[in-house]
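One structure below.
The values are calculated or read from the model by the stated rules, or taken from the named source; none is laboratory data. Model, not experiment: these values are computed from the prediction. Backbone-built Cβ (ideal geometry, glycine too); neighbour counts: all protein chains shown. Note: accessible area is taken over every heavy atom of the protein model, side chains too, but ligands, DNA and RNA are not part of it. Shrake-Rupley method; radii C 1.70, N 1.55, O 1.52, S 1.80 Å.
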Amino acid sequence: MLVIFLSSCSGSQSALDPAGPEASRVAHLFFVMLFGGAVIWVAVVAALIYASRKKNAHSEESAGRVILWCGAILPSAILCALLSYGMWLMPAIRPWVPDDQPVRRIEVTGEQFWWRVRYLDETGKTLFETANEVRIPVGEPTHFALKAADVIHSFWVPSLGGKMDMIPGRTNPLALQADREGIYNGVCAEFCGESHALMAFRVRAVAAADYEAWLSERSAETRTNGLADAEGLAVFLKNGCGACHAISGTAANGRIGPDLTAFGERNTLAAGTLPHTAEDIARFIADPAKIKPGVRMPHFGMLQEADIQRMAAFLKELK
Ligand code: CUA
């Protein structure tokens, strides 16, 4: 039982399996708190057993002393120590970085029920947009500017750090760093509507050189040789998908839904809801609300089956 219980503490979505400095400090604080809580619990249970064994043996005075020491002084001392330790650790958990220091900047906006991701240059200008997957370099902090478009969401990557709320009309800062390469799961940690539980994302931490190469490749605005699947694109445009979705370098430039440029590189579909297969893409196009209740995308089940299949095949391979 214990082995099964403990095995659930590791993995790409566990605050107890930290992959970055902030998450390590959070995990450390958790274990210190757990220890403090365990000491109080053992003391209380021991006092309970002692009291139940010795019937009628306590004078009123000794009972008062036990209540004073075990019920007030000891818990207060332990809680004060834990609070002081937590306060002392706080500045290290969220280190402050001066504004003039050049940093990696990514803006993430919570939408019902997906994540709009914009990569920014040093001046705050948008280099390009993507969705539901964030790529960061290993070994250095990335600064997130967190926003919300509709209701309050919360951005949380348990393996990399603590949560930060995304509040409409505000920009909340958060710096995260991954110390080893890998894919980390993120979730929305604030109830935001029907599909709150279907609002996940992936953070892909890659070597700094690979990140640089990817960033400059994606930042280059024009596609010189067009899309490999021109026929697929034509079906996509014919059915009006480009009014809500953008594919860089094509006539599709909608900004309402997720940007689909390089959609084929993503690991999941519909913000972590489905595996990234052509069948699931077709299923989602035909009836998004069946998979994700409350989704803003209308259903396209009235389109010809052949068109839906064609678009799914096109999107699956879209690089
Ligand atoms: Cu977004 Cu919960």
inquiry  = Counting only protein heavy atoms and a 1.4 Å probe, tell me what percentage of the chain's accessible area is made up of carbon and sulfur.
reply    = 62 percent
note = Heavy-atom accessible area per residue of the range 232-278, all protein chains kept, 1.4 Å probe, expressed in Å², is 36 Å²
query = Hey, with R₀ at 25 Å, roughly what FRET efficiency would Thr171 and Ala197 work out to, going by the Cβ-Cβ distance, to 0.05?
reply = 0.45
The range 153-308 shape via C-alpha gyration tensor axes, a/c threshold 1.5 = oblate
message = With the cut-off at 1.5 for a/c, could you classify the range 230-316 from its C-alpha gyration tensor as rounded, prolate or oblate?
response = rounded
request  = Mind jotting down the distance between the C-alpha centroids of the range 160-209 and the range 295-314, whole Å?
outcome  = 29 Å
query = Cα to Cα, under 21 Å, and not fewer than 8 places away if on the same chain: which lysines meet these conditions relative to Lys319?
reply = Lys238
key: Calculated FRET efficiency for the pair Ser24/Ala306, C-beta based, R₀ 45 Å, to 0.05   = 0.30
note = Where a ≥ b ≥ c are root eigenvalues of the Cα gyration tensor, a/c under 1.5 meaning rounded, otherwise prolate if a/b exceeds b/c and oblate otherwise, the range 108-239 counts as oblate
ask   = So how far, in whole Å, is the C-alpha centre of the range 66-87 from the one of the range 10-61?
value = 12 Å
note = Taking Cα atoms only, helix 21-53 is inclined relative to the longest principal axis of the chain by an angle, in degrees rounded to 10, of 30 degrees
message = Please list 3J(HN,Hα) in residue order for the range 79-90, calculated via the Karplus relation 6.51 cos²θ - 1.76 cosθ + 1.60 where θ = phi - 60°; whole Hz, with x for glycine and proline.
response = 5, 5, 4, 5, 5, 4, 4, x, 5, 5, 7, 3
ask   = Give or take rounding to whole Å, what are the principal axis extents of the alpha carbon atoms in the range 10-215, in descending order?
value = 76, 36, 31
request  = Give me the angle, in degrees from 0 to 90, between the Cα long axis of helix 305-316 and the longest principal axis of the Cα atoms of the chain, rounded to the nearest 10.
outcome  = 60 degrees
